[in-house]
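Contents: one structure, followed by commentary.
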Amino acid sequence: MTSIIQELGELCGNELYCKREDLLPYSFGGNKARKAAAFFEQIDAGGFDYVLSYGSAGSNHARVVANLCAGRGLDCEIVTPLEASAPSFNLLLTERFGAKRTVVPVSEVHDTIEARLETLRQSGRRPYFIPGGGHGNLGTGAYAECWREIAAEAERLERPFDLVFLASGTGATQAGLVCGALLDGSDTKIVGISIARKCPVGRQVVVDAVRDYLALFDADFTEERIQRTVCFIDRYMGSGYGPGSAETLETVRDTLRRYGLPLDCTYTGKAFRGMKEYLREERISGKRILFLHTGGTPLFFDDLARWNTE
Ligand SMILES: *Cc1c(COP(=O)(O)O)cnc(C)c1O
């Protein structure tokens, strides 16, 4: 699965490019499509007959997993925390793909998943569990691969990207890009704009994911080097996970008008706004910047009704 890199034009005195992961050719795209593809390689090879995963009702991950299951005729079940079960187009799609939904209070999610897997095994099924958001080395590896695409485009353009910005949630996407860049010996700075987690916890989750993935290779990076490479910014997430503030909505509206680029308020709108603020605050200009558009097309339509048109 590959996506295009598009030149968008000027942003705060820099050259802006966008890698359109939102246009990955499966189920409205997004980083969850790229990550899930890696998990389904294992599911297809391992003879599993049931897929269990976890996600909020607005989850892009749940939508993609449910679609991949529907296409294979595989049973699919998504465990959703009661606290994050508001209706959305992703939820509607997940239901239309025939996934079973199990809604429990967030404190019971872990035990519910364990119990479901046990019950399924006892009834003779072969369930496969995909961590929420496609976290883990398979998801990280998918984005280490994505880094190869970015490096190839930089080579074609005969100039590396100075900075890459993206929305960082569970951190697997950022960790994958960081691993790709480290293994490549690249100087490109990867800036994760947090959409929910605060430092230092959010940052440490990315660092741990980087270390877990690099352990698969003969690569000798010190803890200090990894810590220094992971740039995780938590100051642009407003009130945390969920639909963003009025400023985020404004960013979404303006970015569609100016560049024809659809963002959403939960992830990419926060990241795009964070990128602009960061460029201004750090007085960065004359650089070549890449925005990794991580997707969320159905979320764009959830937010559309909230626009004001002035
Ligand atoms: C899940 C998601 C992210 C965050 O990806 P992580 O790998 O969990 O950090 C960013 N953007 C969108 C649109 C997402 O759906």
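Database remark: amide H of Lys287 closer than 5 angstrom to the amide H of Glu15 (H placed geometrically; neighbours at sequence offset of 5 or more, or on other chains; Pro and chain starts carry no H). Per residue, the average separation of C-alpha pairs within less than 8 Å and at least 6 apart gives the chain a relative contact order of 22 percent.
Work through the residues other than Phe232 whose Cβ is under 11 Å from its Cβ and net out their charges, Lys, Arg +1 and Asp, Glu -1.
Details: positive: Arg197, Lys198, Arg203, Arg235; negative: Asp234.
Net of charged neighbours comes to +3.
Can you give the angle from 0 to 90° between the axis of helix 201-214 and the longest principal axis of the chain, with both taken from C-alpha atoms, to the nearest 10? Orientation of helix 201-214: about 80 degrees from the principal axis.
Can you tell me the orientation of helix 268-281 relative to the chain, as the angle in degrees between its alpha-carbon axis and the longest Cα principal axis, to the nearest 10? Tilt relative to the chain: about 30 degrees.
Other residues within the sphere of radius under 14 Å centred on the Cβ of Val252, judged by their own Cβ, net out at 0 (K and R +1, D and E -1). Here the stretch 255-299 and the stretch 81-145 have alpha carbon centers that stand 29 Å from each other. Each residue of the stretch 6-12 was assigned a 3J(HN,Hα) from its phi angle through the Karplus curve 6.51 cos²θ - 1.76 cosθ + 1.60 (θ = phi - 60°); the sequence is 10, 8, 9, x, 8, 8, 6 Hz, with glycine and proline shown as x.
Going by the alpha-carbon gyration tensor, a ≥ b ≥ c the square roots of its eigenvalues, is the stretch 1-97 rounded (a/c under 1.5) or, if a/c is not under 1.5, prolate (a/b greater than b/c) versus oblate? Let's see the in-between values first.
Details: a/c = 2.90, a/b = 1.61, b/c = 1.80.
Oblate, because a/c is 1.5 or more while a/b does not exceed b/c.
To the nearest ten degrees, helix 246-259 and the longest principal axis of the Cα atoms of the chain are 70 degrees apart.
Can you show me the helix-derived [θ] at 222 nm for the chain, built from DSSP H runs with n ≥ 4 at -39,500 (n - 2.57) apiece and divided by the number of residues, rounded to the nearest 500. Before the final figure, lay out the partial values.
Values: 11 runs with 141 residues, N = 310.
Taking each H run of at least 4 residues, the total per residue is -14500 deg cm²/dmol.
Other residues whose C-beta falls under 14 angstrom from the C-beta of Ala84 contribute a net charge of -2, scoring Lys and Arg +1 and Asp and Glu -1.
Over the chain, with the other protein chains present, what is the accessible area per residue in square angstrom, probe 1.4 angstrom? Show your work: numbers first, answer last.
Values: 13620 Å² over 310 residues.
Per residue, the chain has 44 Å² of solvent-accessible surface.
Amide H contacts of Val79 (H built 1.01 Å from N, in plane; Pro and chain starts excluded): Ser53, Tyr54, Gly55, Thr102 sit under 5 Å, all sequence-distant by 5 or more or on other chains. Using C-alpha pairs below 8 Å separated by at least 6 residues, the relative contact order for the stretch 194-310 is 26 percent. Applying the Karplus relation 6.51 cos²θ - 1.76 cosθ + 1.60 with θ = phi - 60° to the stretch 143-149 yields 3J(HN,Hα) values of 8, 5, 5, 4, 4, 4, 5 Hz, where x marks Gly and Pro. A simple rule links phi to the HN-Hα coupling: the Karplus curve 6.51 cos²θ - 1.76 cosθ + 1.60 with θ = phi - 60°, which for the stretch 215-224 gives 5, 6, 10, 7, 8, 10, 9, 6, 3, 4 Hz, with x for Gly and Pro. Legend note: in the chain, cysteines whose Cβ sits 4.7 Å or more from every other cysteine Cβ are Cys12, Cys18, Cys146, Cys179, Cys199, Cys231, Cys265. Peptides 165-177, 98-110 ordered by packing proxy, namely the average of other Cβ atoms within 10 Å per residue, highest first: 165-177, 98-110.
Peptide packing for 278-286, 12-20 was compared via the average number of neighbouring C-beta atoms within 10 Å per residue; ordered from the highest value, the list is 12-20, 278-286.
The values are calculated or read from the model by the stated rules, or taken from the named source; none is laboratory data. Since the model is a prediction, treat every value here as computed from it, not as a measurement. Here Cβ is always computed from backbone atoms with ideal geometry, including for glycine, and neighbour counts include all displayed protein chains. Just so you know, the surface numbers come from the protein's heavy atoms only, side chains and all, with ligands and any DNA or RNA stripped out. Shrake-Rupley method; radii C 1.70, N 1.55, O 1.52, S 1.80 Å.
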